[in-house]
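In what follows, a structure is listed as C-alpha cells, so that the remarks can point back to it.
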Amino acid sequence: MKKPPLIWLNISVFSITFLVASIGTPLYLWFEGLSLGLVVAFVALSAFSGLSITAGYHRLWSHRTYEAHWTIRALFALGGALAVQNSVLHWASDHREHHKHVDHKDDDPYSISRGFWFAHIGWMLREYHAHRYGDYSNVKDLQNDPVVMWQHRNYLTLTLAMNFGLPILIGLAIGQLWGALIIVGFLRLVLNHHTTFFINSLAHMWGKRPYTERNSARDNGVIALVTYGEGYHNYHHIFSGDYRNGIRWYHYDPSKWLIWSLAKLGLAKNLKRANAYQIEKAKLEVMWLRLRDRRHTVAERLEQEYDELLTHLRDMYMQRKAWLSVRRSELQNSVEASELYSQYKELKRSFRRQRRAFKRQLRMAAQTA
Ligand SMILES: [Zn+2]
Ligand SMILES: [Zn+2]
C-alpha cells in the first residue's frame, strides 16, 4: 500500500529542535557552563509546559475530569503552546479518538498496533489522518470554551511568542541569552516532546495491567516519573473520567497534586473520581480472567495428553493381540513371535511411564484448581 504524503512542517520542527538541542547543549555547557538561573528557568518551564499538557490538555479538556477557573485555563493554553503539541482543540480531538478506538490499526491515531515508532512520533510525520484534520465534531463541548477557541485561532503566534519570546526575555534577565534559547527553549522542548510521546508508545508496551487487559495500556511508575504522573496508563484507559492517574498516595502524580491544590485554592472544582467499588471490581475481574485462562490452558494440555495415552493403550493391546495370534499358530516360538512379544513388552513399559506422568499431572491440576 502506498504511504500517505510526508508532513514536512512536522518533520522540520522535530528534526531541527532535536539537532539544536543535541548539538547546542553540550557546546554551550562546554564554553559557557551552567548557571543557577538557567537551571531554575529550565525546571520551571519544563514543569509549566509539561503540566499544561497533562493537567490541562489531557485531564481538563480531553477528559473533562474537573472544571478550572479561566485564569488557569489561560495559563494551560499558554503552556500548551510552549509545549508545541498543536492547539487544545486538535490535541483533544485526537486524544478522544485514541480512547474511543484504542489499539485499532487505523482509527486510533497513535495506535501501538503499528509499532513503537509509529505510536511515538511516526503518526505525526505523514498525513495518516488527513481525512479528519478539520473535523472537530468530537470536541463540540470544547468549542464553547472561549480560551480554547482563542488559543486555536492564535496558535502559531502564541507558539512563537512562548518558544522564542519567553526564553529571550529570560535570557536577557539572567544575562545568558544563548543559554536560555538553547537550554530553556530547545532542550526543554525536545525533552518534553519525547517524554509526552512515551505515553503513547512506552506506556502502551511496558508495565503491568492490573485493571484491564482489554487494551494495551500499562501502569508504569518509571514512566510516571518523567510524565508528571501519566505513567499509570492502564488505570487511565479504563477510568479516564478520574482526575487522578496514580490513585494511591505513593503514586507519583504531580498533575493530580496540582489539580487538588488548585481546588483547595478555589481555582478548580468538581474533581471527578472513579467509584472505588468499580476500581476494586475491575482488579478482581482481571485476576479472575487470568486464572480462568491459565486453567483453560492446563485443561487443554491435559486433554491432549489423555488422548495420547488412549492411543498408546490401543496400540499396546493391538500388539498383544498380534503376538498372541502368532503364538497360537503353528509357528509358536518362532523368531517372529519373540520379536512381537518384545515389542509388546516395550510398549507396555512406556505406557506405564506415560500413565504415571499423567496421574502426577492430574494430581497437580486438582491441587491448584
Ligand atoms: Zn493511551
Ligand atoms: Zn487520556
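The values are calculated or read from the model by the stated rules, or taken from the named source; none is laboratory data. Since the model is a prediction, treat every value here as computed from it, not as a measurement. Positions of Cβ are backbone-derived with ideal geometry, glycine not excepted, and every protein chain shown enters the neighbour counts.
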Point to revise | Within region 61-92, considering residues that are without any contact (Cβ under 8 Å) to a residue 60 or more places away in the chain and within 12 Å of ligand 2 (Cβ to nearest atom), the one farthest from residue 260 (Cα to Cα) | key: 91
Review point. Are there any pairs with C-beta distances below 9 angstrom linking a residue in region 93-111 that is in the same structural domain as residue 240 (by TED's automatic domain parsing) and assigned to a loop (DSSP other than H, G, I, E, B) to a residue that is more than 9 Å from ligand 2 (Cβ to nearest atom) and among the aromatic types (Phe, Trp, Tyr), with the two at least 6 apart or on different chains, and if so which?
Key: 106/128; 109/123; 109/128; 110/118; 110/123; 110/197; 111/118; 111/123
Point to revise | region 247-264 - residue that is without any contact (Cβ under 8 Å) to a residue 24 or more places away in the chain and part of a loop (DSSP other than H, G, I, E, B) and, of those, nearest to residue 98 (Cα to Cα) | key: 248
Exercise for review: Could you check residue 52 against (1) small (Gly, Ala, Ser); (2) within 16 Å of residue 163 (Cβ to Cβ); (3) more than 16 Å from ligand 2 (Cβ to nearest atom) and say which number it fails?
Suggested key: (3)
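Can you name the residue in region 109-140 that is within 16 Å of ligand 2 (Cβ to nearest atom) and under 23 Å from residue 52 (Cα atoms) and is also surrounded by the most Cβ atoms within 10 Å (Cβ to Cβ) among such residues?
Looking at the filtered set, the residue picked out is 119.
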Review point. Within region 220-245, restricting attention to residues that are of a type outside the set (A, V, I, L, M) and away from ligand 2 (no atom under 14 Å from the Cβ), which residue is surrounded by the most Cβ atoms within 10 Å (Cβ to Cβ)?
Key: 220
Check your understanding: Just to be sure, is residue 221 away from ligand 1 (no atom under 15 Å from the Cβ) and either on the phi < 0 side of the Ramachandran plot or of a type in the set (A, V, I, L, M) (or both)?
Key -> yes
Check your understanding: Scanning for something in contact (Cβ under 8 Å) with a residue 40 or more places away in the chain and farther than 22 Å from residue 124 by Cα, does region 216-234 turn up at least one residue?
Key -> yes
Review point. So, in region 62-105, of the ones that are more than 16 Å from ligand 1 (Cβ to nearest atom) and hydroxyl-bearing (Ser, Thr, Tyr), which residue ends up surrounded by the fewest Cβ atoms within 10 Å (Cβ to Cβ)?
Key: 71
Revision key, fill the gap. For region 1-40, the count of residues that are surrounded by 13 or more Cβ atoms within 10 Å (Cβ to Cβ), under 26 Å from the mean Cα position of the chain (by Cα) and in a helix (DSSP H, G or I) equals 6
Check your understanding: Taking only pairs six or more apart or across chains, which ones have beta-carbon atoms under 7 Å, a first residue in region 267-290 that is outside any helix (DSSP H, G or I), and a second residue that is acidic (Asp, Glu) and surrounded by 12 or more Cβ atoms within 10 Å (Cβ to Cβ)?
Key -> 268/67; 269/67; 270/67; 272/242; 273/242; 274/242
Study note, to complete from the structure: Conditions (1) part of a helix (DSSP H, G or I); (2) free of Cβ contacts under 8 Å to residues at least 60 places away in the same chain; (3) surrounded by 11 or more Cβ atoms within 10 Å (Cβ to Cβ) -> residue 295 fails only (2)
